[in-house]
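K.L.:
Below is the structure I would like to discuss, written out as structure tokens.
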Amino acid sequence: MEKKRIYPNKWQTIPFSFDLLNQMENKEKAVQELILKNEAATELHVSNMMLNITKFSAFDVEGNEHTVADFPGQSTVTFKGISSGQFLRSKNVVSLPEGTYTMLRFYLAKEGNQFKYWDGVQESVNHFDSLDFTIENGLQIEGNEAPEVKLWFDFVPYQWSSHFKPLLDLFKGNKNPRPRLASSFGN
């Protein structure tokens, strides 16, 4: 009988090593976490958004618009809700002039934009020029922040029962879905 040696520590990872590089980059400063809300998306039960962004800007307390970043070409970004545990990082937000900011605006391209609702239905939403998100408790830039912020989106959680929707539809009968966004934003 032959003996085989097993070295389990070969595959062992160092605890908290995934966040080690971020801590070094942030120079031990706490990363600001912004919760972004859109009332219309909450009312429509949007679970995530796939948006083709062309420009991203922030509005201060006085209502002045400050461009954060331009996205040349096709830049499709997926926004998922807090319940998914996914967020976006931005190093450009902290480069804004000092002040208090209340809203972020994402300018959209004319094609490639979709909303996915909490029940799994996807809808194309190419008729919007921009989407506004209010920042919960605002954003205060003082000049000594960590070099990045985390952007969390407050959307309705996705329902897992929607995976069984095609099977349930067989028993319910044939229904034609109507678009939810028809004249709902008033644009």
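The values are calculated or read from the model by the stated rules, or taken from the named source; none is laboratory data. In this text the structure is predicted, and so the values were computed from the model without any measurement. Cβ placement follows ideal geometry from the backbone for every residue including glycine, while neighbour counts extend to all protein chains displayed. For the accessible areas, the whole protein counts, side chains as well, though only heavy atoms, and no ligand, DNA or RNA atoms are used. Shrake-Rupley method; radii C 1.70, N 1.55, O 1.52, S 1.80 Å.
K.L.:
Counting Lys +1, Arg +1, Asp -1, Glu -1, what net charge surrounds Pro157 among other residues with beta carbon under 13 Å of its beta carbon? Spell out each step's value before the answer.
P.N.:
Numbers: positive: Lys80, Lys116; negative: Asp119, Asp154.
Spelling it out: positives minus negatives among the neighbours equals 0.
K.L.:
Could you give the length gained by full extension between Val121 and Glu136, i.e. 0.36 nm per residue of separation minus their alpha carbon distance, to one decimal place?
P.N.:
Values: separation 15, 0.36 × 15 = 5.40 nm, distance 2.77 nm.
Difference between extended and current length: 2.6 nm.
K.L.:
Can I ask one more? Give the long-range amide H neighbours of Asn48: residues separated by 5 or more places, or on another chain, with amide H under 5 Å away, using H modelled in the peptide plane at 1.01 Å from N.
P.N.:
The list, which skips near neighbours in sequence, is Lys116.
K.L.:
Distance from a point 7 Å along Cα→Cβ of Ala30 to each backbone N in the range 116-152: keep the residues under 11 Å and list them by number.
P.N.:
Within reach of a label on Ala30, which here means backbone N under 11 Å from a point 7 Å along Cα→Cβ, the range 116-152 contributes nothing.
K.L.:
Assuming 0.36 nm per residue, please report the length gained on full extension of the stretch Asp154 to Glu39 beyond their Cα-Cα distance.
P.N.:
Working: separation 115, 0.36 × 115 = 41.40 nm, distance 0.95 nm.
The Asp154-Glu39 span can extend by a further 40.4 nm.
K.L.:
Of the heavy-atom accessible surface of the range 31-79 (probe 1.4 angstrom), what whole percent is carbon and sulfur?
P.N.:
Values: 1140 of 2370 Å².
About 48 percent, which is the carbon plus sulfur part of the accessible surface.
K.L.:
Also, I was wondering about something else. Can you tell me the equivalent ellipsoid semi-axes for the range 44-145? Use √(5λ) from the Cα gyration tensor, largest first, whole Å. Display every interim value, and only then the final one.
P.N.:
Numbers: eigenvalues 128, 50, 30 Å².
In descending order, the three semi-axes are 25, 16, 12 Å.
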